[in-house]
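Quick notes on the structure that follows.
Values in this text are rule-based calculations from the coordinates and carry no lab data. Everything numeric in this text was worked out from a predicted model, so none of it was measured. Neighbour counts run over all protein chains shown; Cβ positions are idealised from the backbone, glycine included.
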Amino acid sequence: MKFLAYPDQRPVKLVLQVSAVILAIYFPVALWLRHTYVPLPAPAGASPLYQIYHLKGHAFGAKSDYSFRPFEDDQAGDQRSPVMLYEDDKPLGPAHSDDVDIERKGNGRYSYRKVVGLVFSSSDNSDPATNGRHYWMTCANKTPLTNAQRCDP
């Protein structure tokens, strides 16, 4: 009994064999690396960071949702911004850190100021653009942002 009604079945068999080999390699490697295709859910009211770029030392910058712009601190000494930064599901900090401390010490420090934007470091000083973790911004003590875009301080 013929499996397929094609005149020359060799290309079909070759494709099936190659596919089986690829899957036989992929699944054990994926399990070994503990990777999954399921995306990490965002914390409530959070917005993901995107276009992460290196600034200096341990400091990185990133683009964020425009809805957080009204909550930027006005000056370097201000500590009023309610914006919190998360690495996967863990909050980073201390917030409102000095740029020099972020560059030299890192370890999750960040600041969010007008003109400068978000300056941050990962929790282990690795490159947040390539370390495989997800970074989120949200407001402290607030579930999803409202249309009025206010954060609870």
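Quick one: grab the alpha carbon gyration tensor of the range 70-110, order the square roots of its eigenvalues as a ≥ b ≥ c, and give me rounded if a/c is under 1.5, else prolate or oblate depending on whether a/b is larger than b/c.
Verdict is oblate for the range 70-110.
Any idea what % of Cα-Cα pairs in the range 47-139 are farther than 15 Å?
51
With θ set to phi - 60°, apply the Karplus curve 6.51 cos²θ - 1.76 cosθ + 1.60 along the range 22-29 and write out the HN-Hα couplings as whole Hz, x wherever there is a Gly or Pro.
Each residue of the range 22-29 in turn: 4, 5, 5, 8, 4, 4, x, 5 Hz.
May I ask you to list the residues of the range 57-86 whose amide nitrogen lies under 14 Å from a point 7 Å from Cα along the Cα→beta-carbon direction of Ala129?
57-63
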